[in-house]
Amino acid sequence: MITLKEALTLNKDELNKFKDELRNKIEANKDLNAYIDVNSVGEGVPIAIKDNIQVKDWSITSGSKILQGYIAPYNATVIKKLLDNGLSPFGRVNMDEFAMGSTTESSFYGKTQNPHASDRVPGGSSGGSAAAVGAGLAIAALGSDTGGSIRQPAAFCGIVGMKPTYGRVSRYGLGAYASSLDQIGPMTQNVEDAAILYDIISGSDEKDSTNAGRDDKVIPNLDATRKLTIAVLPKYVENASQDIKDAYAKAIEALKAAGHTIVEREMMDAKYDISAYYITATAEATTNLARYDGIRYGNRVEGKNLEETFYNTRSEGFGDEVKRRILLGNFVLSSGYYEAYYVKAQKTRHIIKDEYAKIFEDVDLILSPVAPTVAPRFGELANPMDMYLSDIYTISVNLAGLPALSLPITKNSEGMPVGLQLIAKAYDEQTLFDGALSLEREVAYKA
Amino acid sequence: MQVDDALLSRLEKLSFLKISEDKREEIIEQLSEIVGFVDNLSELDTEGVDATFAMSDAATPLREDTPDCNPEIHEEILKHAPKSADDFFIVPKIIE
Amino acid sequence: MFEVVIGLEVHVQLNTKTKLFCSCPTSFNHKQNTNTCPTCLALPGALPVLNKEVVHKSIMLGTALDATINRVSYFDRKSYFYPDSPSAYQITQLYTPIVEHGKLQIDFEDGSNKTIRVNRAHIEADAGKNIHDGDISKVDLNRAGTPLLEIVSEPDLRSAEEAILYLKKLHSIIRYIDIGDANMQEGSFRVDVNVSIRPKGDEKLYTRVEIKNINSFKFIQKAIEVEVSRQVEAWEDGTYDEEIVQETRLFDQVKQETRSMRGKEEAADYRYFPEPDLLKCEVTDEMMEKYTKIPELPDAKKERFVSEYGMNQYNASVITSSVEMANFFETMMAEDGVSAKTATTWLTVELQARLKGDVNIMNSPVDAKKLGFLVKRIDDKTISGKAAKEVLDHLMENEAVSVDDAIDTLGLKQVTDTGAIEAMCDEIINANQDKVEQYKAGKEKLFGFFVGQVMKASKGSANPQAVNEILKAKLG
C-alpha cells in the first residue's frame, strides 16, 4: 500500500484511479468488516474515517443502533482540515459502540477481524481504522483515543497509532465519549505518515473551548538522529505476557543501538489508573450520551407516552457495554457517591499527572507496553472487568493528557504483531515523533 | 460497596434504561465487581489535592456576540428527524 | 403568631444578540427551530463556547447589586431528561457562581427602607419550548441555549408586600442597566417563590415550599398569601409534618390555591459535576474596568430628581419606577422653558391617563419631545392648563400634528393681552350689575360666576390667572 507521503504527490487522475481500485479491494475483503460503507468526499488522498467523526451528509452512528437514521449535517473540524490539505474522507470504518470497548466486538455492525488472524480481534475501539490500514485497505485512517482506543488496536494490527496531547486536536465534531479524555489521532503505516497526518489535523479551533490553541508542527523539524533519554518501566512489564516482554527487551536494545540513553523508572500500581479512568469516563459519558433520546435524530422506538419513548429508544438502541457504563456513570455522580468516587478520581488524576511530570523532569520519553498480550481471540474479554484490566498500559496517558505513539516492534511466533508505545511530555509531540522515527528505523519491522 | 436491585432500579430511572428481567442478575453482578474494584481509590492518600482536574490553567475562550446561523443544519435535521411536522419535533404527550 | 420567610429566585433572560454557548440569534418570533445549530440541538460532536456579552451583562448586574464579582467562576452540568432540554443536561453554575453576596434596597411607602441580601447570581442556559397539542407535544428549540441569569435572594423577605417590592426593584434595575427585557408575560423575567413559616421569634428555618410559574406581580402576591394560609392552617391543625413537605407547587389562578406538582421529587438527583467542555470563566482586570461601568441606577436617579428638579419623594419614585418613564421625563426637561413641576403633572397624570391598552409610554403618539413642548407652551402661558388638555387629546389622535399647529387648529391660544381681558371683564360686569351688588354685599362665592362668564366669553382662551387678577381689581 502506497504511503501517505507518496500519495500526496499523486495527481487527480492517479488518485481517482487509485480510489476505484481501493473500492474493489475493500469489496473483495468484506469479511474483514473494517468498513461500514464507502463514500467519498472531495478529490484528495483517501483517508478512512472512524464512525464517530462527523462528515457532512454521511450516516455517522458511533457504531450504534440508536443513531441509525441520523445524517451528519456538518463536518468536524478535523474533516475540514483534511479537505483543506489535499485529503479526502473515504469510507466509514468500524468501532466499538460509542468508543466503549477494546475489541470492536460491541459494534452494531458486527465484529471486525484482525488482518493477521481472522479469529482474533483487531482491538478497539478504533478497530476498523486499525484493521483497514493493517490489511492494506487504507492509506491511513483517523481514530479516536480515550483510554487507548488508537494505540491498542494499532499495536494489535501492526500499524502506527498516535494520540496527541489533550487539546492539540479539536474535538468539534467528534461524537463525545469522555470529554476530558477524548482525542482524535492518526493511524498510519509508518511514523512519518503519522506525523504528516498529525500536522494536518492538529491546531487551534475556536469551536472547541478545551482546545490548547497551539499551531506548531512537527514535520519541519522531524529528526530521527536526536539522542534522547528514555525511561523504561521494568516492574510494569512484569505483568505482561512473554511476547510483550520479549518485544520490550528488543526495543530497549534497539534504542540503545540508536544511541539513546536508557534509564529505569517506576510508576504506581496501574490499578488506580483503571479506577480513576472508569469513574471519570463513565461519569462524562453518561451525560454525553443522555442526548440520545430519539427526539431530534436517530432511531426512535415509540411508546404510549414520552417517558416510555425515552425508555424504549434507549434500552433498544444501546448495547450492553454502553448500558453498563451509563448506569455506572450515573452511580458515581449520584448524590451520596459523588465525593467518594468522582471527586476522588479527579484527585487521583492529579497524582498520576504529577507522577509523570516527576519522571519527565530528567527524561525525554517513556517506553511502555500498550497491551498485556497480543490481540486476543473473539470472546476472550467477554467479562467487562477483564476487558477493563487490559487497558492498564494506555489509560494513565489519557488521564494525564499526555501524547503517546504506538508502533509495531515485532511479531510473535504465531505471526501476531506486538506493538509498544512511547510517551512524551505534554505538548512535546516533536520529541515523540523524533524518538518514534528513530525506534522505527532501528527495529525495521516487516509488516 | 454492594450493588443491589434497589440501586439498579434507581440507576435505571436516572439513565432512562430498562434492564430486562433475565439480565438483571448478571448486570448487578458485573456492576458490583466493577464498583468493588474502583473502590481501591480509597487506598490513596489524596489529602490536600485539588478536587477538580483540568489539563491547562487557561481561561475558557470568550466568543463575540455576533449572530451566525447556518440554516442547512436545522433543515437537514428536521428532514431526517424521527418525527417532525411543520418544523416542530413531535413527541408523544408528556404526562404531567 | 407566625412569621413568614420568603426567598425569591428570579430567572432573567439576557438580551444578548446570540445564545449563551453558540452563535444562534436570540431574536424571538422566528419560525420554530430556525435559530438552531449543532450545539443547541445537541448533535453528536457539538461543543459550547461562552458568549463574552453574557459575562459583561452578569458583571453589570453584580455591580448594580453591589455584589462580589468572582474573578474565577466555573460551569457545571445539571442532569435531567425533558424534550426541551436537548442535551439532557443544563450547563449552569452551581459550585462557584460569577456573582455573589449582593444587596438590594426596598422602599416602603412610609419612607422607610430595608436591605435584602442577594445570595448569588449565576449564568445558565435556558431550555426550549414544549407546546402541548392533545396527544402530542411539539418541541421548539429556538429558545434552547438562551442565556439566563438566575438571581437568588437570601430568605430575608417577611411578607408578600416585601416580596413584590423586591421584585419590582429588581425588575427596574434590570431595565435600567438594560441587560434584559424583563417581561414577565413573555417569560424573560421568571419568578420562583420559596415560602415557609415559623413561630414569631423562632430563628430556625422550617419546611420550604417552592411555587413556580407565576407570571404577574398580582398573582405572586396572591400565591404567597394562599400558601402562607395553607401552612399556617396545617400548623394550627397539628398536621404540619404530614401536609407541608419540601416540594414544588403551582399556583392555580382560577381556584386561587397552590397545588402539588406530581412526581417532581423523584427526579431531584441532578448529579451536578464540573462541565468538562468548558474551562474556568476568568474575569480579567481589563474586563473589570470595562464591564463594571453601568448607567445610573433607579435609587440614584430618584435622589437626583429630588435634588435637581425639586421633585418630592413620591413623584420621584413614580417617575423613576421605570427607566422608560425616567428617560421620557428627562427628554421633556431638555426642552427649554419647561418647569419640572408642570412636566411632572403632565407626564404622571395627564399622559398616563391617556395611555390605554396597547398604547404605552414607548409607543405613545405624543413622544417626550412633543409633550415637553406642550408643557413649554403651558409654562409660557400660550395656552391654559385646561386648554392644554384639549390639545393633548387632539395630539394623541393626530400623531403627525405639531403642538403649535394643534393649538392654532383648535383656536386655543390663550388671551393674555390684559387690555382685551379688561374689556371682557368690563362687559361682564356691566351686564351683571345685580350680581356685582350682591358680591360687594358679601356673597363671595359669586366671584366664580364672574370668572366663569369671562372665560365663557373668551371661549376658554383667556388666561385664568390674569382674569382673576383683573376681576379682583375691578370688583374690589
(request) Could you work out, residue by residue across A:168-174, how many beta carbons of other chains sit within 10 Å of that residue's beta carbon, and then give the average as an integer? (result) 3
(request) Whenever you get a sec, line up C:His122, A:His116 from highest to lowest accessible area (probe 1.4 Å, protein heavy atoms). (result) A:His116, C:His122
(message) Residues of the range C:41-56 losing 50 Å² or more of accessible surface, assembly versus chain alone, probe 1.4 Å, please list them.
(response) C:Leu41, C:Leu43, C:Pro44, C:Gly45, C:Leu47, C:Val49, C:Leu50, C:Lys52
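Where Lys and Arg each count +1 and Asp and Glu each count -1, what net charge lies around A:Leu365 among other residues with Cβ under 10 Å from its Cβ?
Combined, the nearby Lys, Arg, Asp and Glu give -2.
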(message) Probe radius 1.4 Å, ligands and nucleic acids left out: can you give me the accessible area buried at the B-C interface, summed over both chains, in Å² to the nearest hundred?
(response) 3700 Å²
(request) Return the percentage of antiparallel bridges among DSSP beta bridges fully within chain A, rounded to the nearest 5 %. (result) 70 percent
(message) What does the charge count around C:Ser216 come to, taking other residues whose C-beta lies under 13 Å from its C-beta (Lys +1, Arg +1, Asp -1, Glu -1)?
(response) +3
(request) Give the carbon-plus-sulfur fraction of the accessible surface of the protein assembly as shown in %, rounded to a whole number; probe 1.4 Å, heavy atoms of protein chains only. (result) 48 percent
(request) Sort A:Asp208, A:Asp269 from largest to smallest accessible area, using a 1.4 Å probe on the heavy atoms of the protein chains. (result) A:Asp269, A:Asp208
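Taking all pairs of different Cα atoms in the protein assembly as shown, averaging 1/r and flipping that mean, what Kirkwood radius in angstroms comes out?
Computed over Cα pairs of the protein assembly as shown, the Kirkwood hydrodynamic radius comes out at 32.9 Å.
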(request) Compute, for C:Arg377, the solvent-accessible surface of its heavy atoms (probe 1.4 Å) with the complete set of protein chains present, and express it in square angstrom to the nearest 10. (result) 40 Å²
(message) Could you order the peptides A:49-57, C:245-253 from most to least packed, using the average number of other C-beta atoms within 10 Å per residue?
(response) A:49-57, C:245-253
(request) Please sort by residue number the trypsin sites (Lys or Arg not before Pro) in the range C:417-476 whose DSSP state is loop and whose Cβ has at most 16 other Cβ atoms within 10 Å. (result) C:Lys443, C:Lys445, C:Lys459
(message) With a 1.4 Å probe, what is the total accessible area buried between chains A and B, in Å² rounded to the nearest 100?
(response) 5400 Å²
(message) Suppose accessible area is computed on protein heavy atoms with a 1.4 Å probe; arrange C:Ser322, A:Ser62 from highest to lowest.
(response) C:Ser322, A:Ser62
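If you roll a 1.4 Å probe over the heavy atoms of the protein chains, what accessible area per residue do you get for the range A:12-98, in Å²?
Value for the range A:12-98: 35 Å² per residue.
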(message) I need the shape label for the range A:1-125. Rule: rounded when a/c is under 1.5, else prolate if a/b > b/c, else oblate, with a, b, c from the alpha carbon gyration tensor.
(response) oblate
(request) Using the structure shown, select from C:Lys17/C:Lys138; C:Lys356/C:Lys381; C:Lys57/C:Lys302; C:Lys356/C:Lys459 the pairs with a Cα to Cα distance greater than 32 angstrom. (result) none
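Within chain B, count lysine pairs with alpha carbon atoms under 25 angstrom apart where the residues are 8 or more positions apart or belong to different chains.
Within chain B, the lysine pair count is 7.
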(message) Given N residues in the range C:91-241, what is its alpha carbon radius of gyration divided by 2.2 N^0.38 Å?
(response) 1.19
(request) Identify all lysines with a Cα-Cα distance to C:Lys443 below 22 Å; exclude those on the same chain that are fewer than 8 residues away in sequence. (result) C:Lys435, C:Lys456, C:Lys472, C:Lys474
(message) I'd like the interface area for chains A and C: accessible area of each alone minus the complex, both sides summed, 1.4 Å probe, protein heavy atoms only. What is it in Å² to the nearest 100?
(response) 2700 Å²
(message) How shielded is A:202-214 by partner chains, expressed as the average number of their Cβ atoms within 10 Å of its Cβ atoms?
(response) 5
(request) Give the cross-link partners of C:Lys255 among the aspartates and glutamates, using a straight C-alpha distance below 16 Å as the criterion and excluding same-chain residues fewer than 8 apart. (result) C:Glu225, C:Glu227
(request) Past 30 Å, Cα to Cα, is the threshold; run A:Lys323/A:Lys358; A:Lys207/A:Lys425; A:Lys245/A:Lys271; A:Lys207/A:Lys358 against it and keep the listed order. (result) A:Lys323/A:Lys358; A:Lys207/A:Lys358
(request) Using only the alpha carbons, work out the radius of gyration and Dmax of chain A in angstrom. (result) 20.4, 70
(request) Any chance you could look up the accessible area of B:Ile77 with a 1.4 Å probe, heavy atoms only, rounded to 10 Å²? (result) 10 Å²
(message) Give me the 1.4 Å probe accessible area per residue for chain C, excluding ligands and nucleic acids, in Å².
(response) 45 Å²
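Per-residue Cβ counts within 10 Å, from other chains only, averaged over A:347-356: what number is that? Don't skip to the end; give the middle numbers.
Details: counts 11, 5, 6, 6, 4, 1, 2, 1, 0, 0.
The mean count of partner-chain Cβ atoms within 10 Å per residue comes to 4.
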(message) Compute accessible area for the range C:127-142 by itself and then with all protein chains, 1.4 Å probe, and report residues whose area falls by 40 Å² or more.
(response) C:Asp135, C:Ile136, C:Ser137, C:Lys138, C:Val139
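Going by a ≥ b ≥ c, the root eigenvalues of the Cα gyration tensor, does the range A:35-75 fall in the rounded group (a/c under 1.5), the prolate group (a/b larger than b/c) or the oblate group?
Cα axes put the range A:35-75 in the prolate bin.
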(request) Quick one: accessible surface of C:Glu225, probe radius 1.4 Å, all protein chains present, in square angstrom to the nearest 10. (result) 80 Å²
(request) Determine the residues within the range B:1-26 where the difference in accessible area between the chain on its own and the full set of protein chains amounts to at least 40 Å²; count protein heavy atoms only and use a 1.4 Å probe. (result) B:Met1, B:Arg10, B:Leu11, B:Lys13, B:Leu14, B:Ser15, B:Phe16, B:Leu17, B:Lys18
(request) Among the aspartates and glutamates, select those whose C-alpha is under 13 Å from the C-alpha of A:Lys304, and discard any that sit fewer than 8 residues away in the same chain. (result) C:Asp135
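The values are calculated or read from the model by the stated rules, or taken from the named source; none is laboratory data. Everything quoted here is computed from the prediction, not taken from an experiment. Neighbour counts are summed over all protein chains in view; Cβ atoms, including those assigned to glycine, are modelled from backbone coordinates with ideal geometry. Accessible surface is based on the protein model in full, side chains and every heavy atom, while ligands, DNA and RNA are left aside. Shrake-Rupley method; radii C 1.70, N 1.55, O 1.52, S 1.80 Å.
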